[in-house]
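Quick note: the coordinates plus some simple rules give every number you see, no bench work behind them. Since the model is a prediction, treat every value here as computed from it, not as a measurement. Positions of Cβ are backbone-derived with ideal geometry, glycine not excepted, and every protein chain shown enters the neighbour counts.
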Ligand code: AMP
Ligand code: ZN
C-alpha cells in the first residue's frame, strides 16, 4: 500500500536491517529498540489488524518468530511477543507487526 512505511521496507524501497524473509513474512530490526533484541515480524501483505491475518500468515509469523529467537540466541532464556492493536496500545504503524523482545529480563506488564 502506498504511504505505508512497512510496505516500503518489504518492497525494498526503504532501508531496513532485515533478519529473515519467508513466503509470507518479513522480519527486520526495530529502529528504536526497546530491548537488546527487538525485531518486528510483519506479513508481506498490507493487513491493518491481527484478526485480518489469514492462517498461512499467522502460522508463518509465529514460526518465523521462533526461528529468529533461535538465530539471535534468545530462545532458551525466553522473549516477549507483542501485538499493539489500536490507539490505547500505542499502535503507530498500521501494518500489522509482531514485536519480538528479548535479551534481558522483562518487567512485568501487570
Ligand atoms: P507499534 O507501536 O506497535 O505500531 O510499533 C511500531 C514500531 O515500528 C516502533 O517500535 C518503531 O520504533 C518501529 N519503526 C518505525 N519506523 C521504523 C523503520 N523505518 N524501521 C524499523 N522500525 C521502525
Ligand atoms: Zn503496509
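Remarks
- Remark: relative contact order (the stretch 23-110) = 39 percent; criterion is Cα-Cα distance under 8 angstrom and separation of 6 or more residues.
- The alpha carbon convex hull volume per residue for the chain rounds to 108 Å³.
- Choice from 42, 89, 27 showing the highest fluctuation, given a GNM over the chain with Cα pairs closer than 10 Å: 89
- Of the residues 76, 60, 30, the one that moves most in a GNM of the chain with alpha-carbon contacts below 10 Å is 76.
- Kirkwood Rh (inverse of mean 1/r, distinct Cα pairs), the stretch 22-86, angstrom: 12.5 Å
- Listed residues 81, 53, 72, most fluctuating in the chain (Gaussian network, C-alpha, under 10 Å): 72
- C-alpha long axis of helix 55-71 to longest principal axis of the chain, angle in °: 40 degrees
- Shown for 64, 22: other C-beta atoms within 10 Å of each C-beta, ranked fewest to most, produce the order 22, 64.
- For the stretch 70-110, a/c is not less than 1.5, where a ≥ b ≥ c are the root eigenvalues of the C-alpha gyration tensor, and a/b does not top b/c. That puts it in the oblate class.
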